[in-house]
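Below is one structure, written out as structure tokens; the observations come after it.
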Amino acid sequence: MTQEDEHIQDEVLRHSLEDPEDFWAHQAEHLYWHKHPSTVLRRSQRKLASGVTHDSWEWFPDGEISTCFNCIDRHVLDGHGHEVAIYYDSPVTNTKDQYTYQELLDEVRVLAGALREGGVKKGDVVMLYMPMIPSAIIGTLAINRIGAIHSIVFGGFAPNALAQRIDACRPVALLTASCGIEGNKPPISYQPLVEEALSISVHKPRRTIIWQRDQLRWHPVNKDAGQATWQQMIRSARARNVRADCVPTKSNETIYIIHTSGTTGAPKGVLRDAGGHAVGLHLSISYLLNIHGPGDVTFTASDIGWIVGHSYIIYAPLLAGAATVVYEGKPIGTPDASAFWRIVEEYKVNSMFTAPTALRAIKRDDPDNKFLAEVGKRGGLRTLKALFLAGERSEPTIISMYQELLEQYGAPDPHVIDNWWSTESGSPITARSLSPHTGKHRKTNIREHSPPLLKPGSAGKAMPGFDIRIVDDDGKELPRGDMGNIVLGLPLPPTSFRTLWEDEERFWRSYLKRFNGKWMDTGDAGYIDADGYVHVMARNDDVLNVSAHRLSSGGIEQAIAAHPLVAEACVVPIPDALKGQLPFAFITLSTSEHPTDAIPSAEISAEIQSLVRRQVGAIASLGGIIQGKGMIPKTRSGKSLRRVLKELVENGVQGDFSKEVTVPSTVEDASVVDVAREKIKEYFAQKGDRHAEVDGMIKAKL
Ligand SMILES: CCC(=O)SCCNC(=O)CCNC(=O)[C@H](O)C(C)(C)COP(=O)(O)OP(=O)(O)OC[C@H]1O[C@@H](n2cnc3c(N)ncnc32)[C@H](O)[C@@H]1OP(=O)(O)O
């Protein structure tokens, strides 16, 4: 790490915060604008129906842009049509494929034409519920091409969750596939899931367009229900030369809605503005990932249903003109823990992005790292300049271990970079830049420049435009080194959201109200050390982080409460060695005689687990259930004190109940905490004796 690098990154941040207009105007020049913005940042005040007024802002408000044009057409017009845009690698179907920019353009404009012919117009919402296949990306870009708004729902969500999102954003059409393929399991038919979701939802999209996969087909396509086969639609459009050109949108118009878990059951519809998103992501992929254009390859092992997938599988690599690897597989089991390293070698990946959970899984299956070593020894990791980790806190040991392994077997100067962000921010809030000169002297060739190393345990320093502060519960700034709430100063930088879909009041309530509109509350807690490195230590609210997926405790509680015998449920995270956290449920049964056992019967356990899997999705499967009466502490206003139960459960996992738990003064009855402690002790004692049985109960799938 050189002092110069450190200094440049600090300078870039300072420039972006002190003179955002100048900084972002410069970044905007790298894109094609259908109408060049004359204003970079417009600040205003928004008055809500409740009478509250808060600061608001818009980036490049009078500009007009087509993100699709910048992702595809621009590169073809620049003579890069022959370069690869997408590598598709699917070990679960034994398929490999690739699309050049020219081929991608052809596919996207035909689909865009067909969608438009089917009545989709600018400003309409189109939803996608898709596995990780190229058509999912083609669909996303086609929707963008005609100025419509996409909303991608993760393919692992259950029908209820899909229905909830359909009702929230009322899509005119739904793009889906006949099946998803999860690891080495049989294909999962999407037909019953989608049809169930559409039977539950109040809103019904006019059309459901189905990508038929050979592994499991959607049978029969019901034309009366508005179902159409994607491939047939394309064949027909192609035969008639139907295609669509790009429809630009105003910079401050929405290009997508992405739902994120809130503290209550209803997900929040985060909005992304056209101009800010393109400008901010273009900077982020070059400045942070050191990906600049043709010849560069990124591999982001996520899913397009999550924000990391939106930003770094789809948009950022294509905005840069690089190639993106679309991987339909798991880090392990497809076929083994060599999968990620094979991909790096095969596609000459320069930058890889994944979640710590994936590396833990690889380490579990390949404890001696023999796969990585094998690929490394034959030079297969030579191109890999960086391994980015996000989605959950990376334990320092993972960072150090992979840093050493890549130094031993990888590129001459590899970097393992933890970075912290959220669906709301759209791009990393903290990280270390691999290409620090980019933000300042864009034209300098800095690929050989050595970037600063991370401090393992910290998620790096602020990225351009993010004004990070640590404050106490009253919003007062805390000195360096003190733990507190991590907040962001306004305006948020261009990739970030600035409101929620049709719910400005919730935006205020969820993000600004806590600190009277002065700061945006990230929901995370941590500290900034003396060198300016941010350490994100814990979540402040009731959002769980399972395998780097954010899940709502409230949403899981709702599913559990649907059980006829459950009177009350409270869900908290329990630490898990592989997935970081798992949901853990406290239940009170409504039976007249309450069972004395802390572990529920096998039947109830399986029924509750099944409700969670069917209503939220298998990714939310519970890691344990404890039953008891009068054990859920509440505030005087009746809110469950999940944080108290979380601390007690953590003590239980560590087998140390002597540790103090923080009980807020607002607790209604402090003796309930003692009841909970005793029940948890009982649970862990019983579980110790009946480990296999309890494990089997919780894993039983009805
Ligand atoms: C980079 C930051 C991010 O983008 S975070 C978002 C991406 N997260 C990750 O990539 C996390 C990496 N984790 C993993 O790859 C897996 O969790 C590992 C560790 C391999 C464990 O796999 P597994 O045991 O199947 O657990 P899981 O949590 O993936 O899945 C739990 C159950 O849900 C299911 N599931 C998952 N995804 C889908 C999907 N797209 N469609 C349908 N079902 C899905 C899984 O099959 C699994 O089901 P089951 O419980 O085995 O029946």
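State whether one or more residues within region 253-264 are within 15 Å of the ligand (Cβ to nearest atom), open to solvent by 10 Å² or more (accessible area, probe 1.4 Å) and in contact with a strand residue (DSSP E or B) (Cβ under 6 Å, 6 or more places away or on another chain).
yes
Are any of the residues in region 200-217 farther than 29 Å from residue 34 by Cβ, in contact with a Pro (Cβ under 9 Å, 6 or more places away or on another chain) and in a helix (DSSP H, G or I)?
Scanning region 200-217, I find at least one residue that is farther than 29 Å from residue 34 by Cβ, in contact with a Pro (Cβ under 9 Å, 6 or more places away or on another chain) and in a helix (DSSP H, G or I), so the answer is yes.
For region 186-196, state whether one or more residues are part of a helix (DSSP H, G or I), open to solvent by less than 10 Å² (accessible area, probe 1.4 Å) and either within 16 Å of the ligand (Cβ to nearest atom) or modelled with pLDDT under 95 (or both).
Among the residues of region 186-196, at least one is part of a helix (DSSP H, G or I), open to solvent by less than 10 Å² (accessible area, probe 1.4 Å) and either within 16 Å of the ligand (Cβ to nearest atom) or modelled with pLDDT under 95 (or both), which makes the answer yes.
Filter region 292-302 down to residues that are among the small types (Gly, Ala, Ser) and more than 14 Å from the ligand (Cβ to nearest atom) and give me whichever is least open to solvent (accessible area, probe 1.4 Å).
For region 292-302, the residue satisfying everything is 293.
So is residue 144 within 28 Å of residue 87 (Cβ to Cβ) and not hydrophobic (A, V, I, L, M, F, W, C) or not?
Yes: the conditions hold for residue 144.
Among the residues that make up region 588-604, is at least one of them within 30 Å of residue 192 (Cα to Cα) and either among the aliphatic types (A, V, I, L, M) or open to solvent by less than 10 Å² (accessible area, probe 1.4 Å) (or both)?
yes
Can you tell me which residue in region 328-358 is nearest to residue 386 (Cα to Cα), limited to those that are within 10 Å of the ligand (Cβ to nearest atom) and among the hydroxyl-bearing types (Ser, Thr, Tyr)?
354
Can you name the residue in region 630-655 that is surrounded by 14 or more Cβ atoms within 10 Å (Cβ to Cβ) and of a type in the set (D, E, K, R) and, of all such residues, is nearest to residue 667 (Cα to Cα)?
634
Can you tell me how many residues in region 153-164 are open to solvent by 10 Å² or more (accessible area, probe 1.4 Å) and hydrophobic (A, V, I, L, M, F, W, C)?
Count: 2.
I'd like the full set of residues that are touching a helix residue (DSSP H, G or I) at 6+ places or on another chain (Cβ under 8 Å) and modelled with pLDDT of 95 or more, limited to region 423-460.
Correct list: 423, 424, 426, 427, 428.
Kindly provide the set of residues from region 518-541 that are under 24 Å from residue 499 (Cβ atoms) and either open to solvent by 40 Å² or more (accessible area, probe 1.4 Å) or touching a helix residue (DSSP H, G or I) at 6+ places or on another chain (Cβ under 7 Å) (or both), ordered by number.
Within region 518-541, 518, 520, 521, 539, 541 meet the criteria.
Can you tell me which of (1) within 16 Å of the ligand (Cβ to nearest atom); (2) in contact with a helix residue (DSSP H, G or I) (Cβ under 8 Å, 6 or more places away or on another chain); (3) of a type in the set (Gly, Ala, Ser) is the one residue 321 doesn't meet?
Checking residue 321 against (1) within 16 Å of the ligand (Cβ to nearest atom); (2) in contact with a helix residue (DSSP H, G or I) (Cβ under 8 Å, 6 or more places away or on another chain); (3) of a type in the set (Gly, Ala, Ser), the one that fails is (1).
Quick grid of which residues meet (1) within 20 Å of residue 647 (Cβ to Cβ); (2) among the hydrophobic types (A, V, I, L, M, F, W, C); (3) open to solvent by 30 Å² or more (accessible area, probe 1.4 Å):
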site: 513; (1), (2), (3): no, no, yes
site: 546; (1), (2), (3): yes, yes, no
site: 554; (1), (2), (3): yes, no, no
site: 563; (1), (2), (3): no, no, no
site: 571; (1), (2), (3): yes, yes, no
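Looking for whichever is within 16 Å of the ligand (Cβ to nearest atom) and polar (S, T, N, Q) here; the options are 400, 427. Which one fits?
Result: 427 is the single residue among 400, 427 that is within 16 Å of the ligand (Cβ to nearest atom) and polar (S, T, N, Q).
Pairs please, first residue from region 131-144 and at pLDDT 95 or above, second anywhere and assigned to a helix (DSSP H, G or I) and among the charged types (D, E, K, R), Cβ atoms under 9 Å, 6+ apart in sequence or on different chains.
Final answer for the pair search is 134/107; 135/107; 138/107; 141/107; 142/107; 142/109.
Consider only pairs whose beta carbons are under 8 Å apart and that are at least six residues apart or on different chains; among these, list those whose first residue lies in region 306-335 and is at pLDDT below 95 and whose second residue is open to solvent by 10 Å² or more (accessible area, probe 1.4 Å) and part of a loop (DSSP other than H, G, I, E, B).
As it stands, the answer is none, since no pair meets every condition given.
Here are some conditions: (1) touching a Gly at 6+ places or on another chain (Cβ under 8 Å); (2) among the β-branched types (Val, Ile, Thr); (3) free of Cβ contacts under 8 Å to residues at least 24 places away in the same chain. Residue 40 meets all but one. Which one does it not meet?
Among (1) touching a Gly at 6+ places or on another chain (Cβ under 8 Å); (2) among the β-branched types (Val, Ile, Thr); (3) free of Cβ contacts under 8 Å to residues at least 24 places away in the same chain, residue 40 violates only (1).
In region 656-702, which residues are surrounded by 11 or more Cβ atoms within 10 Å (Cβ to Cβ) and modelled with pLDDT under 80?
690, 693, 694, 695, 696, 697, 698, 699, 700, 702
Given the criteria assigned to a helix (DSSP H, G or I) and open to solvent by less than 30 Å² (accessible area, probe 1.4 Å), does residue 585 qualify?
No: the conditions fail for residue 585.
The values are calculated or read from the model by the stated rules, or taken from the named source; none is laboratory data. Since this is a predicted model, take the numbers as computed values, not measurements. Cβ coordinates were reconstructed from backbone atoms using ideal geometry, including for glycine residues, and neighbour counts include every protein chain displayed. Remember, those area values only see protein heavy atoms, side chains included, never the ligands or the DNA or RNA. Shrake-Rupley method; radii C 1.70, N 1.55, O 1.52, S 1.80 Å.
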